[in-house]
Amino acid sequence: MLIRDMFVVGMDSGPIQNCLLEEDASNVGVTYSSLIEIATTKEAAMNDIDGWKKEENADLKYKKKNKLTG
């Protein structure tokens, strides 16, 4: 078992692991470092989405949440 396989299998089940499992393991370009980059990019995107909230009584108007006031 390669370290990249251990990395993917060791991830908690969820969207990040699903994204990593979509990568073609037979592709030589899929390396441990490329999987780490994919995982961190996906995690950052998920965290950024959580930082946005829909304004009340507004159609498609979103604003960044203030971390102090939520």
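The values are calculated or read from the model by the stated rules, or taken from the named source; none is laboratory data. Fair warning: this is a prediction, and the values are worked out from it, not measured in the lab. Ideal geometry is used to build each Cβ from the backbone, glycine not excepted, and the neighbour counts take in all protein chains shown. When the accessible area is computed, the model is the full protein with side chains, heavy atoms only, and any ligands, DNA or RNA have been set aside. Shrake-Rupley method; radii C 1.70, N 1.55, O 1.52, S 1.80 Å.
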Ranking by accessible area, most exposed first, for GLU37, GLU22 with a 1.4 Å probe | GLU22, GLU37
Any idea how far apart VAL30 and SER13 come out in nm if each label point goes 7 Å out from Cα toward Cβ?
-> 2.0 nm
How would ASP5, ASP12 line up by accessible area, probe 1.4 Å, largest first?
-> ASP12, ASP5
